[in-house]
Amino acid sequence: MNTLIKNVTALLPDGTAPVANIGITDDRIVFVGEVPENFQADKTIDGTKHLAIPGFVNAHTHASMTLLRSYADDMKLMDWLEQMIWPIEAKLRSDDIYWGAMLAAVEMIRSGTTAFADMYGPDMERVAEVVETSGLRGVLSRGLIGVVPDSEKKLEENASLYENFHGAADGRITVMFGPHALYTCPPEYLKKVAAKAKALGAEVHIHMSETVGEVENCLKEYGKRPFAHVASMGLFENGTLAAHCVHLDDEDIDIIKKYHIRVAHNPGSNMKLASGTAPVPRLLEEGICVALGTDGTSSNNNLDMLDEVQLAALMHKVHTLDPLAVPALTAVKMGTEYGAQALSLHDVGRLQAGNKADIVLFSMHGAAWTPCYNPVSLLAYSAKSTSVDTVMVDGRILMENGELKTLDEERILFEAQKVADLLTK
């Protein structure tokens, strides 16, 4: 199957955005530029007055938490978790996980996300079903809590998820291990997670240094800061995606660099929960991979990655009093190319020959795109995700001209509301 996107403004890896043609054969980009004489398109998409970018990569979320959007807001993190979120999550059933993830898939596709890293509770195979059906790319992990009686069962569920779904959906599903955080996973449990992940060759997705209290409590209980403590458990040996990383010192950053830990920065969630401002400019200067995530929709409260790009570009300017702290192109790359690197997604995140055809087209019709001196700047500071027009993953069209192709949106909204109503009775 050959697809041609013609006359589109294409965001290239070097940050330029010329008008070009993008050729796709099956799941791969085969050229960006002039159309070769021997390329015969089976389908042609008119990209005139559209911006093509690599699909957004949501590097940290809890997809099925769409069911808890607006359920508990304006609270401190631990109060929010202990008093509101964990009690209702204990009531979640398999179908709740499924329809919550389906709702997330609708929201992600509509806002230009093509890949996401999801850490959540039981029944993660239902999220794998959603990835398969929707056509999205998913990096899934079973959230692991080590302080509960069935902690060993949870670990085995993550192992089964890896064994049954890693590489599934034509390679669109990959699986990591998901120890929630050091404050919910005692040292011996972290060691068990590390050993199991190493035995299977799996990477790890974990919350790290999200709040001041987390750091203080870790120092008090273990005599070490979070990164030093978790490193001593062997958890960073297999490749790690660390969410948040808000409160860091020089030692933490040295450990992040030593183990090539990738950071998932969640500006919207960190602002809403008043967790603080991660030292993103410093991390980028140190050559650390910093991606963007939305976190769950009960701490954000949406899955709109363009919001995160814009927040990342703005919050670090005001925090450092430096208008150059995170430039527009850097913010966009954090949401695309660096996100793919953070999730260990190979050949994803760049519009170039040989890469996967995970592509989003923004319509550049409308006031927010007029005039257009710099499309990258407009994307980072002006555009809204409502201008996402077409989304493809592996060369397959998931949305075209604003119409979802793989999902029944009306039914999903109905079913999600129905399970939410039952959940909160």
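The values are calculated or read from the model by the stated rules, or taken from the named source; none is laboratory data. Everything quoted here is computed from the prediction, not taken from an experiment. So basically every Cβ, Gly included, is an ideal-geometry build from the backbone, and we count neighbours across all protein chains shown. SASA here: full protein model, heavy atoms, side chains in, ligands and nucleic acids out. Shrake-Rupley method; radii C 1.70, N 1.55, O 1.52, S 1.80 Å.
Residue-level check: of (1) closer than 21 Å to Arg28 by Cα; (2) within 20 Å of the chain's Cα centre (by Cα); (3) open to solvent by 40 Å² or more (accessible area, probe 1.4 Å), Thr386 misses just (1).
Residues that are out of contact with any Phe, Trp or Tyr (no Cβ under 8 Å at 6 or more places or on another chain), in a helix (DSSP H, G or I) and under 29 Å from Glu89 (Cβ atoms) within segment 272-308 comprise Lys272, Asp307, Glu308, listed in sequence order. Summed over segment 215-229, the residues that are touching a residue at least 24 places away in the same chain (Cβ under 8 Å) and either over 18 Å from Ser275 (Cβ atoms) or open to solvent by 20 Å² or more (accessible area, probe 1.4 Å) (or both) give a count of 5. Those strands (runs of 3 or more DSSP E) of segment 1-66 in which 3 or more residues are of a type outside the set (A, V, I, L, M) occupy 2-10, 19-25, 28-33, 43-46, 56-61.
When the helices (runs of 4 or more DSSP H) confined to segment 87-203 are screened for residues that are among the polar types (S, T, N, Q) and closer than 27 Å to Asp421 by Cα, those reaching at least 1 such residues are found at 94-110, 124-134.
Return yes when Arg110 is open to solvent by 20 Å² or more (accessible area, probe 1.4 Å), under 30 Å from Glu410 (Cβ atoms) and either in contact with a strand residue (DSSP E or B) (Cβ under 7 Å, 6 or more places away or on another chain) or not basic (Lys, Arg) (or both) and no when it is not. So Arg110 passes the test.
When segment 191-214 is filtered for residues that are surrounded by fewer than 23 Cβ atoms within 10 Å (Cβ to Cβ) and not charged (D, E, K, R), the ones remaining, listed by number, are Ala194, Ala195, Ala199, Leu200, Gly201, Thr211, Val212, Gly213.
Note on segment 282-294: residues that are of a type outside the set (Val, Ile, Thr) and open to solvent by less than 10 Å² (accessible area, probe 1.4 Å) amount to 4.
The set of residues in segment 157-176 that are out of contact with any strand residue (DSSP E or B) (no Cβ under 6 Å at 6 or more places or on another chain), crowded, with 17+ Cβ neighbours inside 10 Å and under 22 Å from Gly349 (Cβ atoms) comprises Ala168, Ala169.
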